[in-house]
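Dropping the structure in here first, questions after.
Quick note: the coordinates plus some simple rules give every number you see, no bench work behind them. This one's a predicted model, so the numbers in the text were calculated from it and none came from an experiment. Note that each Cβ is placed from the backbone with ideal geometry, even for glycine, and that neighbours are counted across all protein chains shown.
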Amino acid sequence: MASTQGGLPPYGPVGVTRALEASSSARAAPTIFENEFSLKDRVALVTGANRGIGLEMALALTEAGARTVYCVDLPKERGEEFQRVEAYVGKMEGKGRLEYISADVTDQETMWKIGEKIGSAEGRMDVCIAAAGILKGDMSCLDYPAERFKEVLAVNVNGVLYTAQAAGRQMAKFDNGGSIILIGSISGSGANQGHPWVSYNTSKSAVLQMARSMACELGPKRIRVNTISPGYINTTMTGQFLEKRPELLEKWCSNNPMGRIGRPDELRGATVWLASDASTFCTGSDIVVSGGHHAW
């Protein structure tokens, strides 16, 4: 094993190192999905998971081997989409489960208690995805009302912080490291052409900086903090705009080289990568999944 002196890490039993050690063996077997990308026996907390992107990510974690994924959202009862996904997970030969919790992410005390209950029940906390978010309608920045601005920031910024705290406190308690993934947006690093979304854009920019700041603080504890910034994705939230203004679809599609908007399932790969040991040297980063929106 290599010395850690001078910041040099020890080589892990994966990749080329493992191949060299096992080169004299009679057989060889690929391990990248069983080792680096596997979430076997891990526990996760995902907010905004009753439907849409949050639910898609919760399912992906379960399929990657997570033991339990706790899904937090505001509705008192599980939605039809969640129930169908939950039934699907139940057919996966007992390889994990989804647990639904109704809670308001803007309530710090409640979120912390949820984290504590999960830690007590499971004896660990490995992954956190803060996906809960809201987007209010178009409104001029010069006329934007104070209460609406506060509402958006309460969910999209405060709620993200409280979620990350709830999970991060448990990760630190059990001292096993962990991965915190905050859901940002391309709106956090550039305004949306033709859309006066000052509150949403401000909130997502704050999320990107929050992740960088937390990553610097929590790195010594082996807790990684990153963001995923989706482009225009076909979710219920974006669908509300398309129903009222169907002409937006063509405009949004023309905003990226691929000529279309994305699907929630196209975020699965980035999610599992960041949640797993395949990304152990990635923290403080923003993973943009936008169909090349920023490449023009």
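If one computes P(r) from the Cα atoms of the range 116-192, what percent of pairs lie at distances over 22 Å? Intermediate results must be reported in sequence, preceding the final value.
Values: 1126 of 2926 pairs.
So the pairs more than 22 Å apart make up 38 percent of the total in the range 116-192.
Treating each Cα of the range 39-161 as an identical point scatterer and ignoring solvent, apply the Debye formula and state log10 I(q)/I(0) at q = 0.09, 0.11, 0.19 Å⁻¹.
With one equal scatterer per Cα and no solvent, log10 I(q)/I(0) is -0.28, -0.40, -0.99.
Return a whole-number percent for the relative contact order of the range 107-181, with Cα pairs under 8 Å and 6 or more residues apart as the contact set.
53
If you build the Cα gyration tensor of the range 210-293 and take the root of 5 times each eigenvalue, what three semi-axes come out, in whole angstrom, biggest first?
Calculated on Cα positions only, the semi-axes equal 31, 12, 11 Å.
Let me ask something else. Could you compute how fast the range 141-296 diffuses translationally, taking Rh as the Kirkwood radius over C-alpha pairs and applying Stokes-Einstein at 25 °C with viscosity 0.890 mPa s? Give it in µm² per second.
Details: Rh = 16.7 Å.
My calculation gives 147 µm²/s for D.
Starting from a Cα-only point model with no solvent, please compute log10 I(q)/I(0) by Debye for the range 236-279 at q = 0.20, 0.30 1/Å.
Once normalised to I(0) and log-transformed, intensities are -0.73, -1.01.
From Cα pairs below 8 angstrom and at least 6 apart in sequence, can you work out the relative contact order of the chain, rounded to a whole percent?
17
In the chain, what is the count of Lys pairs whose alpha carbons are under 19 Å apart, counting only pairs at least 8 residues apart or on separate chains?
Lysine pair count for the chain: 11.
Okay, next question. Over the range 248-296, what relative contact order in percent results from Cα pairs under 8 Å that are six or more residues apart?
53
Under unit Cβ charges (Lys, Arg +1; Asp, Glu -1), what dipole magnitude, rounded to 20 debye, does the range 20-129 have relative to its Cα centre? Intermediate values should be presented prior to the final figure.
Values: 14 positive and 19 negative charges, 62 e Å.
Computed charge dipole of the range 20-129: roughly 300 debye.
What Kirkwood radius, in Å to one decimal, follows from the Cα pairs of the chain?
20.1
Mind checking which of GLU93, GLU109, GLU81 has the largest fluctuation in a GNM of the chain, springs on alpha carbons under 10 Å?
GLU93
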